[in-house]
1. Return only the number of the condition from (1) within 14 Å of chain B (Cβ to nearest Cβ); (2) open to solvent by 20 Å² or more (accessible area, probe 1.4 Å); (3) free of Cβ contacts under 8 Å to residues at least 40 places away in the same chain that A:ALA316 does not satisfy.
2. Report whether or not A:LEU174 is modelled with pLDDT of 95 or more and open to solvent by 10 Å² or more (accessible area, probe 1.4 Å).
3. So how many residues does region A:168-191 have that are over 18 Å from A:ARG74 (Cβ atoms) and touching a residue at least 40 places away in the same chain (Cβ under 8 Å)?
4. Consider A:GLU112 against the criteria (1) farther than 19 Å from A:ARG250 by Cβ; (2) assigned to a strand (DSSP E or B): it satisfies all of them except one. Which criterion is unmet?
5. Name the helices (runs of 4 or more DSSP H) wholly inside region A:254-345 in which the number of residues that are over 24 Å from A:ILE200 (Cα atoms) and of a type in the set (D, E, K, R) is 1 or more.
6. State whether one or more residues within region A:274-293 are open to solvent by 30 Å² or more (accessible area, probe 1.4 Å) and of a type in the set (A, V, I, L, M).
Amino acid sequence: MRVTAYRFSMWTRISAILLIFAILAPLCGCEAKSPKSQSVEFFTMDTVMELTAYGKNAGTALHAAQAEIIRLDRLLSISDPESEIYRANRDGFAELSGDTAALVRESLALYELTGGAFDITVYPLMDAWGFYSDEYRLPSDEERARLAGLVGSDRLALEGDALTLPEPGMGIDLGGIAKGYASDRAAETLADNGVASALISLGGNIVALGSKPDGMPWRVAIRDPLDENAFSGIVRVTDTAVVTSGGYERCFELDGKSYHHILDPATGLPARNGLISVTIICESGILADGLSTALYVMGEEKALAFWRAHLELFDAVLVTDDGRVLVTSGIAEAFSSERDFEVVR
Amino acid sequence: MKTRAWIALFAALLLVSCAAAWYVSHRRPADSLVGVYQDGRLVRCVDLALAAEPYDIALADGCVVRVEAGEIRMLSSDCPDQICVAQGALTGNLPIVCVPNRVVIRYLSEPDAGYDAVSGAVPGN
């Protein structure tokens with residue numbers, strides 16, 4: 001067979017190389033694009049919810065998580081006559097479904113763990129202050145003392161899934177942990193649907209699922225309780241809940257004095273124990289939610305003592321009423337701020 | 001066509017490709033676009049850079065949004081807490097939220113403000 005050898009001229013070789021570059025060059029501009037995110041935003045549990053997820057199945061996963069949160073709101077609402085909590089408060093008894101019973105059990109455990117600083121039976125006091133009707137008023141000392149007789153989670157009876165409120169006038173409000181529980185369930189739903197990277201904000205209760213698509217931790221800013229446009233600091237987290245409680249979230253003024261919604265179960269008054277903001281950082285949204293309220297009620301000294309006794313459970317950022325920012329040592333390396341802050345050990 | 005003409009053509013293609021690549025990688029979305037949402041629906045898109053004169057946007061359920069001097073804020077609301085009004089002008093990645101009226105005002109293209117979410121920012125908890 002005759003073989004024909006081809007020889008290419010120098011110009012032909014240069015032409016070929018330039019042609020290859022001309023084809024490949026535009027691809028250099030196609031930077032490795034960050035994965036597209038999808039988000040849903042909706043109102044439920046009396047607040048705004050925003051969920052952002054990354055990945056191919058993000059859209060389906062987000063709608064499933066949204067449906068789950070709305071389902072939980074219907075179970076746990078204190079104002080919806082169809083909800084189990086509404087019926088329990090109205091009738092003094094209710095047979096609870098799995099989620100509601102689990103939340104009540106968790107609430108009772110938190111009550112024990114926090115020495116009563118977290119207490120879902122503050123319902124009659126919250127009602128008396130007008131925090132449910134938005135018709136704010138100042139209960140008298142006598143009224144508060146009378147209603148205090150109805151407060152105390154140790155009075156509740158939970159046998160199996162049957163809840164009894166033994167005294168007329170008793171009521172429960174799971175608002176202190178409902179969003180935390182819902183955020184955990186939303187994260188589970190997203191993960192079950194194949195999402196590995198997501199950010200959940202339920203009324204400012206944040207749960208970070210995984211890390212960001214680029215592998216970096218999520219950056220969660222903590223609102224400055226004294227300036228709504230500033231931050232106490234930023235904490236970098238992965239697979240973590242970050243929940244903040246502060247009196248600024250819901251309050252009213254009467255005769256020149258401000259009254260907020262985080263009541264001390266022991267006094268029936270808005271807690272004023274030296275803290276104006278408590279942020280809990282831990283793996284569990286429900287724990288973060290409950291402890292953020294409890295530590296706010298406890299005040300600086302008891303809150304830090306509680307943290308030292310339960311180091312393995314959580315970390316915290318506390319803002320005091322004299323403007324100090326206290327950061328527990330477990331989260332200090334992941335915390336940054338333009339303000340001075342103290343690391344607590 | 002002569003070889004040198006082909007080379008010139010390819011060189012020109014290469015130059016155009018590189019220029020296009022640079023443009024694509026450096027272009028930025030407009031960061032003055034703000035979305036006004038109610039009940040989860042975008043009801044108004046505002047370009048703050050184009051608002052020459054102040055004007056108001058009246059929303060259903062008693063909210064009035066003011067656009068003025070490159071800023072947007074909740075001018076008035078019939079909500080009990082007035083937190084959305086007190087917040088003032090929209091800044092950074094912190095949206096203005098009126099929970100009772102289900103209104104959210106946020107930048108449509110959010111520049112990296114150094115954080116991905118804000119804990120404790122939403123009123124009405």
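The values are calculated or read from the model by the stated rules, or taken from the named source; none is laboratory data. Model, not experiment: these values are computed from the prediction. Every residue, glycine as well, gets a Cβ built from its backbone with ideal geometry; the counts of neighbours run over all protein chains shown. Accessible surface is based on the protein model in full, side chains and every heavy atom, while ligands, DNA and RNA are left aside. Shrake-Rupley method; radii C 1.70, N 1.55, O 1.52, S 1.80 Å.
1. (2)
2. No; evaluated as a whole, the condition is false for this residue.
3. Summing the residues that are over 18 Å from A:ARG74 (Cβ atoms) and touching a residue at least 40 places away in the same chain (Cβ under 8 Å) in region A:168-191 gives 7.
4. Every condition holds for A:GLU112 apart from (2).
5. In region A:254-345, A:300-309 are the helices (runs of 4 or more DSSP H) which contain 1 or more residues that are over 24 Å from A:ILE200 (Cα atoms) and of a type in the set (D, E, K, R).
6. Yes, region A:274-293 contains at least one residue that is open to solvent by 30 Å² or more (accessible area, probe 1.4 Å) and of a type in the set (A, V, I, L, M).
This table checks each residue for (1) in a helix (DSSP H, G or I); (2) over 26 Å from A:TYR259 (Cβ atoms); (3) not hydroxyl-bearing (Ser, Thr, Tyr).
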{"site": "A:GLU135", "(1), (2), (3)": "no, no, yes"}
{"site": "A:PRO139", "(1), (2), (3)": "no, no, yes"}
{"site": "A:GLU142", "(1), (2), (3)": "yes, no, yes"}
{"site": "A:VAL151", "(1), (2), (3)": "no, no, yes"}
{"site": "A:LEU158", "(1), (2), (3)": "no, yes, yes"}
{"site": "A:MET170", "(1), (2), (3)": "no, no, yes"}
{"site": "A:ASP173", "(1), (2), (3)": "no, no, yes"}
{"site": "A:ILE177", "(1), (2), (3)": "yes, no, yes"}
{"site": "A:ALA182", "(1), (2), (3)": "yes, yes, yes"}
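Every residue, every condition in (1) open to solvent by 10 Å² or more (accessible area, probe 1.4 Å); (2) on the phi > 0 side of the Ramachandran plot, yes or no:
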| residue | (1), (2) |
| --- | --- |
| A:GLY215 | yes, yes |
| A:ARG219 | yes, no |
| A:PRO225 | yes, no |
| A:ASP264 | yes, no |
| A:GLY268 | no, yes |
